[in-house]
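Colleague: The structure that follows is given in the form of structure tokens.
Read the figures in this text as sums done on the coordinates, not as results from a lab. Note that the structure is predicted; figures quoted are calculated from it, not measured. FYI the Cβ positions are ideal-geometry reconstructions off the backbone, even for glycines, and counts take in every protein chain you see.
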Amino acid sequence: MSHNQHESVCEKLSRELRHFKWREVFTWRLLKTLALGQGLSALICGTAVTSQYLATEFHLDIPMLQSCINYTLVCLTYTTALCFRKGDENILQILRTKWWKYLLLGLADVEANYAVVKAYQYTTLTSIQLLDCFILPVLLILSRVFLKTRYRIIHYVAVCVCLAGVGAMVGADLISGRDQGSSSNILLGDGLVIISATLYAVSNLCQEYIVKNNSRMEFLGMVGLFGTLISGIQLGILEHNEVANIQWTWQIALLLCGFAVCMYTLYSCMPVVINMTSATAVNLSLLTADLFSLFCGLFLFQYTFSGLYVVSLVVIMVGFIMFNTVPTPTRTPEPVSEEGGHDNQAAELDEERQVGSEVENQEKEETDSSGKSLPAENGHRCVLSSVKM
């Protein structure tokens with residue numbers, strides 16, 4: 001980047017910062033968005049803690065069973081609700097017109113969950129934490145191309161700030177010796193993480209589009225239906241031996257129920273938060289989920305604490321607030337204005353035709369009375385007084 005280009009970027013950033021109304025930054029909407037985003041992070045923390053207990057205490061590695069339970073709950077709730085809707089929102093009408101789209105969406109969502117869990121067998125926790133952030137640039141690109149989202153310099157800076165917070169978290173993990181995971185095939189593991197992040201980005205982008213243009217019920221109903229089918233097939237192929245060999249106890253059942261409740265609540269609430277903000281903003285907020293899991297691990301798994309974790313949390317929060325201070329509108333059709341209808345081209349054209357008709361009638365009346373026609377001004381109004389001879 002040349003010196004002039006560098007100055008241009010700095011000037012744009014400083015100009016946007018000068019135009020901020022700092023007193024209006026911390027609105028109730030922003031605080032609500034922040035609270036809901038951290039609530040989603042807490043739910044992800046719950047899924048991580050229960051999965052950690054299943055893996056360490058009971059030596060169970062059953063990611064497809066856990067996913068299948070979640071998709072089944074979503075299917076029983078939201079897919080059943082779609083069956084009782086009428087018109088275009090009925091499940092039969094949706095399947096008739098868009099079944100293949102939701103099949104691909106369900107496949108992307110299921111495989112994203114499976115790929116990131118599988119990556120822990122081949123690569124380290126540090127690599128997963130770093131490469132999982134690949135979802136952010138992919139989401140920025142996809143949102144810009146498909147949703148026509150208009151990002152500003154401050155949004156890109158906010159994403160970089162959040163990534164710096166993730167870097168501080170990874171550094172704290174290395175210092176405290178928490179670089180867990182395997183290193184049997186790092187290249188394969190890293191590739192699985194990148195594939196998972198890309199599929200998550202596609203799933204979240206589709207979720208944002210469907211929720212904002214159709215309905216939350218349609219998205220969850222279709223994902224629950226196809227997610228149950230796909231995860232059930234994979235469960236029967238990949239994990240039938242593991243499931244058959246489970247020595248069921250009340251602790252295992254309780255942990256699976258806790259995981260299912262957290263994941264079901266996450267799937268139910270995430271479309272609400274995405275509808276309020278965007279998929280990119282939600283994923284920025286979810287960067288704190290690993291920190292919440294760490295803080296729980298300090299008491300449950302005797303993790304070593306580092307002050308960099310607090311720094312990481314603060315930096316990610318600052319980046320998230322920066323991202324949400326400036327809206328990211330999409331190019332959607334403008335609504336009809338209540339005052340004059342100038343935002344609707346059809347209404348404006350009808351108004352012009354009506355005015356033009358009035359002009360012709362008035363000109364005709366004036367011609368009949370005085371024998372001379374009076375000119376119209378600008379095609380929208382006519383002179384109502386005549387010059388006496």
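Colleague: For the pair THR249 and GLN302, what calculated FRET efficiency results from E = 1/(1 + (r/R0)^6), where r is the Cβ-Cβ distance and R0 = 35 Å, to the nearest 0.05?
Modeller: Here the calculated transfer efficiency is 0.90.
Colleague: Continuing with the same structure: For labels at CYS83 and ALA164 in the simple 7 Å Cα→Cβ model, what's the distance in nm?
Modeller: 5.3
Colleague: Given the Cα-Cα distance of ALA35 and LEU187 and 0.36 nm per residue of separation, how much length would full extension add, in nm?
Modeller: 51.0 nm
Colleague: Quick one: length gained pulling VAL326 to LEU103 fully straight, 0.36 nm per residue minus the C-alpha distance?
Modeller: 76.8 nm
Colleague: Within 10 Å, count the other beta carbons around each residue, average over each peptide in 46-58, 246-258, and list them highest first.
Modeller: So the order, starting with the most tightly packed, is 46-58, 246-258.
Colleague: Using θ = phi - 60° and the Karplus form 6.51 cos²θ - 1.76 cosθ + 1.60, what ³J(HN,Hα) does each residue of the range 280-289 get, whole Hz, x for Gly and Pro?
Modeller: 5, 4, 5, 5, 5, 5, 6, 5, 7, 4
Colleague: Starting from the 7 Å offset along Cα-to-Cβ, what nm value, one decimal, do you get for the label separation of HIS59 and LYS148?
Modeller: Between HIS59 and LYS148, the simple spin-label model gives 5.8 nm.
Colleague: Once phi is turned into θ = phi - 60°, what whole-Hz ³J(HN,Hα) does the Karplus curve with 6.51, -1.76 and 1.60 give for every residue of the range 188-199, x standing for Gly and Pro?
Modeller: Once rounded to whole Hz, the list reads 5, x, 5, x, 5, 5, 5, 4, 4, 4, 5, 5.
Colleague: I would also like to ask the following. Provide the packing ranking of 79-86, 229-236, i.e. peptides ordered by the mean count of other C-beta atoms within 10 Å per residue, highest first.
Modeller: Descending mean neighbour count gives 229-236, 79-86.
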